[in-house]
Amino acid sequence: MQEPIFKKYNVDENTFWDEVNSLEDQYKRQGIRVNRDTIYLNHFITCVRQGIFKGLNNAMLREFGKELTFYPGIPEIFEELCNIVTKNEKYSPFNISVEHYVVSTGLSEIIKGSIVNNYVKGIWACEFIERPIMSSLGTGESESGLEFSGNEISQIAYAIDNTSKTRALFEINKGSNLFEEIDVNSKIAPENRRVPFENMIYIADGPSDVPAFSVIKSNGGRTFAVYPKGNNKAFKQVNQLIRDGRIDMFGEADYSKDTTTYLWLRNQVLDIADRIYDKKREQISKSASKAPTHI
C-alpha cells in the first residue's frame, strides 16, 4: 500500500521495512515496549522529520491512493455482491442489502484515495495529524522549539493493529460507527445489534488476522483467507489456518467471476440473505393472529 510513497521519494522500500522490523528489538534494549503492528507509523514520522519524506502530508497520501492497483476482480466484486441481493425481488420486502467495510493496519488516506473508497461504507485504518492542537497550559516560552508547519504529518492520530481490528468489528456489529449515541462498550442484546456477527464475512490474508477471524467465526460468521497466486509460503499459512479451525475456506486472491474465491463469496452472501429472509418470514408468521373462522 505504501509503495507510491517510496517511489515519490526514491526510497528503497525493502530498506525502510528492514529498519521498521529492527525497531522493536532496538527499543526493547532501551527498556521501551512498542507495538510491532504500528511502529511503522512512528518511523514514517521520523523520516519526515529527517527530511527523507519532506513535505509528506495527508493530501499527498490521498493522491497516492490513486496509484494503488488491486487483485483481479477488485472493485467489480463489491458491486456484484451488492447487486445479487438488492436486485433480487425476493429480498426487497425486507430491505436486505450488502455493506462493505475495510479494516486495515494500512493508511486511511491512501485507501480513501483509491477506487475502493467508492464501494465501501466505512474504513478503519491508521491516520496522521499534521498540525497538533497546542496546549493552553504553556507560557509560550517552551513552544519556541516546536516546529509544526501544518504541511507535513507530525503525529499519529489513530492507529489500528491486528487486535484492535476486533473493536472495529464490534462497532459495525452494534452500529456505533453510524450512530454516535451508541457506545461500542454499551451492552446491547445480540438480537438488537445492527449487523449480527452471523451476517458477517471476514476476508483477510493471513495469521495476523487471527483475532478478527476468531471473533467472527466464534459468533457464527464466515471467514475466508486469500493468498497471492503462486506464493507457496502464503499458501501454507492459510492452509494452516483452516487446519487450526480459524477460517472456513481459502482461495487465491483473485475475485474475478467464476474463480473459487468469487463463487464462495457469492454463495455465502446468498446463503446469509436467505437465512435473514426465512427468519423475517417466520417472525411475521408467528406474530400474526389467526383469522376468525365460522363456528
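The values are calculated or read from the model by the stated rules, or taken from the named source; none is laboratory data. Please read all numbers here as calculations on a predicted model, not as lab measurements. Reconstructed Cβ throughout: ideal geometry from the backbone, glycine too, with neighbour counts over all protein chains shown.
In this structure, is Val85 touching a helix residue (DSSP H, G or I) at 6+ places or on another chain (Cβ under 7 Å), within 30 Å of Ile284 (Cα to Cα) and buried (at least 16 other Cβ atoms within 10 Å of the Cβ)?
Working: touching a helix residue (DSSP H, G or I) at 6+ places or on another chain (Cβ under 7 Å): yes; within 30 Å of Ile284 (Cα to Cα): yes; buried (at least 16 other Cβ atoms within 10 Å of the Cβ): yes.
Taking the combined requirement at face value, the residue satisfies it.
Let me spell it out: the conditions are (1) aliphatic (A, V, I, L, M); (2) within 30 Å of Asn151 (Cβ to Cβ); (3) touching a helix residue (DSSP H, G or I) at 6+ places or on another chain (Cβ under 7 Å), and Val120 meets all of them except one. Which number is the exception?
Looking at each condition in turn, Val120 falls short on (3).
Suppose we filter the stretch 246-274 for residues that are in a helix (DSSP H, G or I) and either free of Cβ contacts under 8 Å to residues at least 40 places away in the same chain or of a type outside the set (D, E, K, R) (or both); how many remain? I'd like the intermediate steps shown before the answer.
The initial filter retains those residues of the stretch 246-274 that are in a helix (DSSP H, G or I), namely 260-274.
After this cut, where a residue has to be either free of Cβ contacts under 8 Å to residues at least 40 places away in the same chain or of a type outside the set (D, E, K, R) (or both) as well, the list is 260-265, 267-274.
Going through the stretch 246-274 one residue at a time, the tally reaches 14.
List every residue pair whose Cβ atoms lie under 7 Å apart, where the two residues are 6 or more positions apart in sequence or sit on different chains, the first residue falls within the stretch 1-21 and is over 18 Å from Leu68 (Cα atoms), and the second residue, located anywhere, is assigned to a helix (DSSP H, G or I).
Phe16/Phe6; Glu19/His43; Val20/Ile39; Val20/Tyr40; Val20/His43
Can you tell me which of (1) in contact with a strand residue (DSSP E or B) (Cβ under 7 Å, 6 or more places away or on another chain); (2) under 26 Å from Arg167 (Cβ atoms); (3) not hydroxyl-bearing (Ser, Thr, Tyr) is the one Asp244 doesn't meet?
(1)
Give me a count of the residues in the stretch 217-248 that are in contact with a helix residue (DSSP H, G or I) (Cβ under 6 Å, 6 or more places away or on another chain) and closer than 22 Å to Pro190 by Cα.
5
Under 8 Å between Cβ atoms, which residue pairs at least 6 apart in sequence (or on different chains) link something in the stretch 186-198 that is at negative phi with a partner that is among the β-branched types (Val, Ile, Thr)?
Ile188/Ile182; Arg194/Ile172; Val195/Ile172; Phe197/Val215; Phe197/Ile216; Glu198/Ile272
Collect the residues in the stretch 228-247 that are under 22 Å from Ile74 (Cα atoms) and crowded, with 19+ Cβ neighbours inside 10 Å, keeping them in residue-number order.
Of the stretch 228-247, the ones under 22 Å from Ile74 (Cα atoms) are 228-231, 234-235, 238, 247.
Scanning the stretch 228-247 gives Ala234, Val238, Ile247.
Scan Phe170, Phe213, Phe179, Phe197 and give me the residue that is at pLDDT below 95 and not acidic (Asp, Glu).
On the way: Phe170 fails: at pLDDT below 95; Phe213 fails: at pLDDT below 95; Phe197 fails: at pLDDT below 95.
Phe179 is the lone residue from the list that is at pLDDT below 95 and not acidic (Asp, Glu).
Restricting attention to the stretch 1-49, which residues are among the hydroxyl-bearing types (Ser, Thr, Tyr), in contact with a helix residue (DSSP H, G or I) (Cβ under 7 Å, 6 or more places away or on another chain) and loosely packed, with under 15 Cβ neighbours inside 10 Å? It would help to see each step written out before you state the result.
Step one: filter the stretch 1-49 for residues among the hydroxyl-bearing types (Ser, Thr, Tyr), giving 9, 15, 22, 27, 38, 40, 46.
Applying the additional criterion that residues be in contact with a helix residue (DSSP H, G or I) (Cβ under 7 Å, 6 or more places away or on another chain) yields 40.
Passing the criteria: none in range.
Would you please name the residue that is farthest from the chain's Cα centre (by Cα), looking only at residues in the stretch 53-76 that are among the aliphatic types (A, V, I, L, M) and surrounded by 15 or more Cβ atoms within 10 Å (Cβ to Cβ)? First the steps, then the outcome.
At the first step, the residues of the stretch 53-76 found to be among the aliphatic types (A, V, I, L, M) are 56, 59-61, 68, 74.
From what's left, surrounded by 15 or more Cβ atoms within 10 Å (Cβ to Cβ): 56, 60-61, 68, 74.
Values: Leu56: 23, Met60: 21, Leu61: 17, Leu68: 16, Ile74: 15 Å.
Residue satisfying both the conditions and the ranking: Leu56.
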